[in-house]
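Peer 1: Before I ask anything, here is the structure I am working with.
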Amino acid sequence: MSNALTETDLVENVTKRPINTDQLIAQLNWRYATKKFIPDRKIGSDDWAALEEALRLAPSSGGLQPWKFIVVTDPAIRARLLPASYNQAQITDASHLVVFASKSSFGEDDVEEHLKNVARVQGTPMETLAPLRNMLVGGIIRSMDESRRNAWARNQAYIALGTFLTSAALLGIDACPMEGFDHSRYDEILGLRTIGLESVVIAAAGFRSSTDRHAGAPKVRFPLDQVIARL
């Protein structure tokens, strides 16, 4: 029996929305870059499993997923990361800390690994994936030098970060994206270079403290007509 969706199925899926527009905007307004977390309040295992799955499902260019997400909960490791994060309290106070790392020296072997996974998951013969392989290798691997490929891989990590922050907000979980840290120290402490990775950005997640003065502050954004162009 075919698992393909009919046009009627697709229409019904669109009309049966899991949340409405008001709920979406309310949660996006609710979220903010949390500065103070409640140290002894932890994210439940089911919620955290959902957030890890959200990271796994994050989109990437060509579906290549040139990343790894390091979830740091060990207090000793986080204590070591604190001075490498300019002593920002979120590092040790949040329930979870995620380090978004990109693959360095991404190459044809990585593309091949992705295609084998496509063949396995979708039941597609490898030979039929030759055009996709040529596109990915030609457009990403051979058209860029190593420096540009590394920059491309780092950019992909930010796509995953956006997925993580939005998913957390929809679950009512606070998060704080952070670029203010010593990347080389993080790579050293976490042993990333030895496994072909480099830290890109981090995110602390947990629950906001009632003493965080930023929690109730109005969200500062430019008006819609300054950020949206309609052609």
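Peer 1: Tally the residues that are touching a residue at least 12 places away in the same chain (Cβ under 8 Å) and more than 23 Å from the chain's Cα centre (by Cα), restricting the search to the stretch 216-227.
Peer 2: The qualifying residues number 1.
Peer 1: Taking the condition modelled with pLDDT of 95 or more and of a type in the set (Gly, Ala, Ser), does SER2 pass?
Peer 2: The answer is no for SER2.
Peer 1: For ALA50, only one of the following conditions fails: (1) modelled with pLDDT of 95 or more; (2) over 21 Å from ARG154 (Cα atoms); (3) part of a loop (DSSP other than H, G, I, E, B). What is its number?
Peer 2: It fails just one condition, (3).
Peer 1: So if I check each of GLN65, GLN90, which one is out of contact with any helix residue (DSSP H, G or I) (no Cβ under 6 Å at 6 or more places or on another chain), under 19 Å from SER209 (Cα atoms) and at pLDDT 95 or above?
Peer 2: Answer to the selection: GLN90.
Peer 1: Within the stretch 17-47, how many residues turn out to be assigned to a strand (DSSP E or B) and either exposed (fewer than 14 other Cβ atoms within 10 Å of the Cβ) or among the aromatic types (Phe, Trp, Tyr) (or both)?
Peer 2: Of the residues in that region, 1 qualify.
Yes or no, residue by residue, for (1) aliphatic (A, V, I, L, M); (2) touching a residue at least 24 places away in the same chain (Cβ under 8 Å); (3) farther than 30 Å from ILE77 by Cβ; (4) out of contact with any helix residue (DSSP H, G or I) (no Cβ under 7 Å at 6 or more places or on another chain):
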{"residue": "ALA119", "(1), (2), (3), (4)": "yes, no, yes, no"}
{"residue": "GLN122", "(1), (2), (3), (4)": "no, no, yes, yes"}
{"residue": "PRO131", "(1), (2), (3), (4)": "no, no, yes, yes"}
{"residue": "ARG142", "(1), (2), (3), (4)": "no, no, yes, yes"}
{"residue": "ASP145", "(1), (2), (3), (4)": "no, no, yes, yes"}
{"residue": "SER167", "(1), (2), (3), (4)": "no, yes, no, no"}
{"residue": "PRO177", "(1), (2), (3), (4)": "no, yes, no, no"}
{"residue": "SER184", "(1), (2), (3), (4)": "no, no, no, yes"}
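Peer 1: Give me the helices (runs of 4 or more DSSP H) completely within the stretch 127-231, filtered to those with at least 1 residues that are over 30 Å from SER105 (Cα atoms), ordered by residue number.
Peer 2: Passing ranges, in order: 146-170, 224-227.
Peer 1: Separate question: In this structure, is ARG120 closer than 19 Å to ALA33 by Cβ and either surrounded by fewer than 17 Cβ atoms within 10 Å (Cβ to Cβ) or not hydroxyl-bearing (Ser, Thr, Tyr) (or both)?
Peer 2: no
Peer 1: Look through GLY138, GLY172, GLY107 and report the one residue that is without any contact (Cβ under 8 Å) to a residue 12 or more places away in the chain, surrounded by fewer than 17 Cβ atoms within 10 Å (Cβ to Cβ) and small (Gly, Ala, Ser).
Peer 2: Testing whether each residue is without any contact (Cβ under 8 Å) to a residue 12 or more places away in the chain, surrounded by fewer than 17 Cβ atoms within 10 Å (Cβ to Cβ) and small (Gly, Ala, Ser) leaves just GLY138.
Peer 1: Can you tell me which residue in the stretch 53-75 is surrounded by the most Cβ atoms within 10 Å (Cβ to Cβ), limited to those that are in contact with a Ser or Thr (Cβ under 7 Å, 6 or more places away or on another chain) and part of a loop (DSSP other than H, G, I, E, B)?
Peer 2: Per the stated criteria, the residue is PRO66.
The values are calculated or read from the model by the stated rules, or taken from the named source; none is laboratory data. Because the structure is predicted, anything quoted here is derived from the model rather than measured. Don't worry about glycine lacking a Cβ; one is built from the backbone with ideal geometry, like all the others, and counts go over all protein chains shown.
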